[in-house]
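The block underneath contains the structure these notes are about, expressed in structure tokens.
What follows is calculated from the coordinates using simple rules that are stated; it is not laboratory data. Everything numeric in this text was worked out from a predicted model, so none of it was measured. Here Cβ is always computed from backbone atoms with ideal geometry, including for glycine, and neighbour counts include all displayed protein chains.
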Amino acid sequence: MPTRTTSGIGAGSRPLAPVDSAAGRGAFHGFVATLTSMTAEDDAHEVYEAWAPTYEADLVGGYGYTAHRIAAEGMAGACPERAAEILDIGCGTGLVAVELAARGFSTIDGLDASARMIAEARAKRIYRDLRGGDVRDPAAVEPGRYDAAIAVGVFGGGHVGPEDLECFARPVRAGGVIVLFANGIPWVEDDYPLHLHRLEENGVWTVERTTEVNYMDRIERPGWLVVARRAGAPDHG
Ligand SMILES: C[S@@+](CC[C@H](N)C(=O)[O-])C[C@H]1O[C@@H](n2cnc3c(N)ncnc32)[C@H](O)[C@@H]1O
């Protein structure tokens, strides 16, 4: 599927067409169907606790999930320093870290709300540090501690809403990179471009690009890659 790239998030970022057929909510079964039907009032925590042991087989094996690879590629393009300290927010079983490590990144920490997902990630022996916590909790991460943050699949019903997007910038130092990957349904329904733009106006970050890309090889499933840079003057120490 061709990608659609915009520079920044202003007028060039147009919404997707209404989602139906295989790209819509009806295309899934099992845990994926449960998650896809969740609303802002739901909490996906128990789903991930139950799903952790079979998450990768279901998502990668079953649907050809590639969001982790797309986002890691986005990070590799935006962050040339391979020793950069990166926080993987909503790290799950560690798929993102595998892809970051394959591109030469060596210092990756992970944060996730699910202890059982973290246990799967720990078994990969890639992360420097793994910790349980909710990214919306200000105590979960020290502000400005990281050179970069990446968050894949953490947005939408049962997860984090657009009103909490600033949480993904908070751990990153001025001038650092923030890479997000969001499913196309909440992207449109919750108007992520509007929220990204508001944070840009509020001096949180500069959005360098938003790119629409299909993230499941076996079905049509559009999502959006966001590459942003933390606002403020970089600290050269
Ligand atoms: C769809 S999985 C994505 C995992 C991984 N990033 C990937 O691409 O395979 C979403 C993950 O986000 C975590 N998560 C959801 N809401 C969270 C929050 N508020 N704080 C921290 N982690 C959260 C879940 O526990 C789950 O492991």
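What tally of residues in region 33-45 results from selecting those that are near the ligand (Cβ under 10 Å from one of its atoms) and surrounded by fewer than 19 Cβ atoms within 10 Å (Cβ to Cβ)? Working first, answer last.
Here is the first cut: in region 33-45, the residues near the ligand (Cβ under 10 Å from one of its atoms) are 35, 43-45.
Okay, now just the ones that are also surrounded by fewer than 19 Cβ atoms within 10 Å (Cβ to Cβ), so 43, 45.
Adding up the residues that qualify gives 2.
Filtering region 60-100 to residues that are within 19 Å of Ser114 (Cβ to Cβ) and either in contact with a His (Cβ under 8 Å, 6 or more places away or on another chain) or among the aromatic types (Phe, Trp, Tyr) (or both) leaves Tyr65, Gly90, Leu95, Val96, Val98. In region 116-132, of all residues being over 14 Å from His45 (Cα atoms) and touching a Cys at 6+ places or on another chain (Cβ under 8 Å), the one that is nearest to the ligand (Cβ to nearest atom) corresponds to Ala121.
Here Gly144 clears all of (1) surrounded by 17 or more Cβ atoms within 10 Å (Cβ to Cβ); (2) part of a loop (DSSP other than H, G, I, E, B); (3) of a type outside the set (Val, Ile, Thr) except the condition numbered (1).
Just a yes or no: is a residue in region 172-192 in a helix (DSSP H, G or I) and either within 13 Å of the ligand (Cβ to nearest atom) or among the charged types (D, E, K, R) (or both)?
Initially, region 172-192 is screened for residues in a helix (DSSP H, G or I), giving 184-189, 192.
Applying the additional criterion that residues be either within 13 Å of the ligand (Cβ to nearest atom) or among the charged types (D, E, K, R) (or both) yields 186, 189.
Yes, that holds for at least one residue.
Restrict the check to region 95-115 and report whether at least one residue is within 12 Å of the ligand (Cβ to nearest atom) and more than 16 Å from the chain's Cα centre (by Cα). Looking for residues that are within 12 Å of the ligand (Cβ to nearest atom) and more than 16 Å from the chain's Cα centre (by Cα), one finds at least one in region 95-115, hence yes.
Tally the residues that are assigned to a loop (DSSP other than H, G, I, E, B) and under 17 Å from Leu111 (Cβ atoms), restricting the search to region 58-93.
Within region 58-93, the subset assigned to a loop (DSSP other than H, G, I, E, B) is 64, 66, 79-84, 90-93.
From what's left, under 17 Å from Leu111 (Cβ atoms): 84, 90-93.
Number satisfying all stated conditions: 5.
The sole residue among Val135, Val204 that is surrounded by 16 or more Cβ atoms within 10 Å (Cβ to Cβ) and near the ligand (Cβ under 10 Å from one of its atoms) is Val135. Looking across region 209-229, just one residue is among the charged types (D, E, K, R), part of a strand (DSSP E or B) and farther than 24 Å from Pro80 by Cβ, and that is Glu212.
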